Amino acid sequence: WVVRRDIASVGAPDTVKDVVAGRMTRLSRRARRPLELAAVAGQRVESRVLSLAAEMTPDDVAAGLDELVDTGFLVSVGGHLLTYQFSHALVRDTVEEVLSPSLQAALHLRIAEALEQVYDGDERLVYAELARHFGAAAAVGAVDRGVRYGRLAAEQATSSGAYDEAISKYG
C-alpha cells in the first residue's frame, strides 16, 4: 500500500492539496490504511466494512479511526451502525487521487469483498455499491463479480422505476 502518486498531480486546488498532503504525512500507519480505504469507499463508510477490508486488528482499526476523527479527516455519523464520513468531499477526493490506479483497484476489491461479507444475509441492500467497487476492481480480476452485481443492481433499479439508473448499471 505504498504506491501513491505525487500530490501535485491531483486535480484539487493547490492549497487544498498542500493542506491535505501535509496532514496525511503526519498520520500514523494505522490511520493511513483506513483513510485510503475510506477514500475509495466513498463519502460515507461503515466501520465494520473498514475493519474487514483493512486486514488489521480491530483495536488498530479503531485507533486509526479515532486518529482520523481527531485530525479532522473523518467525522462519526450518528445512527445504529457506526459510520464515518469525510469532513469535506475535497478531502476525500484529494486522498483518493493521491493513490495510484493499481492501488485504487486493489482497495476497491477489498471494500467490495468486505461488503459481501458484511451483507452476506442480504446483499440486495448494497447491489449498487458492490457493482461500483467490483467494476472499479476489474483491473485486479473482479470482472465477473462486477458484471454480476451490475446486472443485479440494474434489475433492482428497473423494478423500482429508476430507469436512468438501470441504464447506467447495464452499461
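The values are calculated or read from the model by the stated rules, or taken from the named source; none is laboratory data. As the structure is a computational prediction, the values presented were derived from the model and not from experiment. In this analysis, Cβ positions are derived from the backbone assuming ideal geometry, glycine residues included, and neighbour counts consider all displayed protein chains. When the accessible area is computed, the model is the full protein with side chains, heavy atoms only, and any ligands, DNA or RNA have been set aside. Shrake-Rupley method; radii C 1.70, N 1.55, O 1.52, S 1.80 Å.
Side notes on the structure shown:
- Some residue of the stretch 99-117 being part of a strand (DSSP E or B), over 30 Å from Gln156 (Cα atoms) and under 14 Å from the mean Cα position of the chain (by Cα): yes
- Residues satisfying the stated conditions in the stretch 36-51, i.e. among the hydrophobic types (A, V, I, L, M, F, W, C) and closer than 16 Å to Asp120 by Cα: Val49, Leu50
- Of all residues in the stretch 52-80 being touching a helix residue (DSSP H, G or I) at 6+ places or on another chain (Cβ under 6 Å) and of a type in the set (Asp, Glu), the one that is most open to solvent (accessible area, probe 1.4 Å): Asp60
- Filtered residues of the stretch 19-50 (kept if touching a helix residue (DSSP H, G or I) at 6+ places or on another chain (Cβ under 8 Å), in a helix (DSSP H, G or I) and without any contact (Cβ under 8 Å) to a residue 40 or more places away in the chain): Arg30, Arg32, Arg33, Pro34, Ser47
- The set of residues in the stretch 28-42 being closer than 15 Å to Thr94 by Cβ and either of a type in the set (D, E, K, R) or modelled with pLDDT under 95 (or both) consists of Arg32, Glu36, Gly42.
- Entry remark, the stretch 44-70: residues being among the polar types (S, T, N, Q) and closer than 23 Å to Phe134 by Cβ number 2 in total.
Table: residues versus (1) touching a Phe, Trp or Tyr at 6+ places or on another chain (Cβ under 8 Å); (2) at pLDDT 90 or above; (3) surrounded by fewer than 18 Cβ atoms within 10 Å (Cβ to Cβ); (4) not aliphatic (A, V, I, L, M).
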residue: Ser102; (1), (2), (3), (4): no, yes, yes, yes
residue: Gly121; (1), (2), (3), (4): no, no, yes, yes
residue: Arg124; (1), (2), (3), (4): no, no, yes, yes
residue: Ala137; (1), (2), (3), (4): no, yes, no, no
residue: Leu152; (1), (2), (3), (4): yes, no, yes, no
residue: Ser160; (1), (2), (3), (4): no, no, yes, yes
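- Scanning the stretch 85-95 for residues that are open to solvent by less than 60 Å² (accessible area, probe 1.4 Å) and in contact (Cβ under 8 Å) with a residue 60 or more places away in the chain returns Val91, Asp93, Thr94, Val95.
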